[in-house]
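What follows is a set of notes on a single structure, which appears directly below.
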Amino acid sequence: GLFAALAGRLGEAVTRSELLASVWGPDFDGEPNVVDVYVGYVRSKLGQLGAGALSLETVRGVGYRLRSEAR
């Protein structure tokens, strides 16, 4: 899923189009903002789990980056 795609590239900025292709597949015909919606879900889950060492950042003009403070 989305978390796995971001975790697999920990610390790297991943574009929305890369996430769409990786998670939803190249034939996905929905709205591209689905990535933004699911990023919100992942952020919420990280907060519920108390995963303070992990943060999901928006990289303006690029996409998203999962960062680990333990790194």
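The values are calculated or read from the model by the stated rules, or taken from the named source; none is laboratory data. Every value quoted in this text rests on a predicted model; they were computed, and no experiment measured them. Cβ coordinates were reconstructed from backbone atoms using ideal geometry, including for glycine residues, and neighbour counts include every protein chain displayed. Surface accessibility is based on the protein's heavy atoms, side chains included, excluding ligands, DNA and RNA. Shrake-Rupley method; radii C 1.70, N 1.55, O 1.52, S 1.80 Å.
Identify all residues within the stretch 11-50 that are hydrophobic (A, V, I, L, M, F, W, C) and in contact with a helix residue (DSSP H, G or I) (Cβ under 8 Å, 6 or more places away or on another chain); write none if there are none.
Val14, Leu19, Leu20, Val23, Trp24, Phe28, Val34, Val35, Val39, Val42
So, restricting to helices (runs of 4 or more DSSP H) that lie completely within the chain, which ones have at least 2 residues that are open to solvent by 80 Å² or more (accessible area, probe 1.4 Å) and among the basic types (Lys, Arg)?
34-49
Under 8 Å between Cβ atoms, at least 6 apart or on separate chains: pull out the pairs that start in the stretch 25-50 with a residue that is touching a residue at least 24 places away in the same chain (Cβ under 8 Å) and end on any residue that is basic (Lys, Arg).
What qualifies is Val35/Arg16.
Give the residue, chosen from Gly8, Gly47, that is at pLDDT 95 or above and among the small types (Gly, Ala, Ser).
Working: Gly47 fails: at pLDDT 95 or above.
Within the list Gly8, Gly47, the selection yields Gly8.
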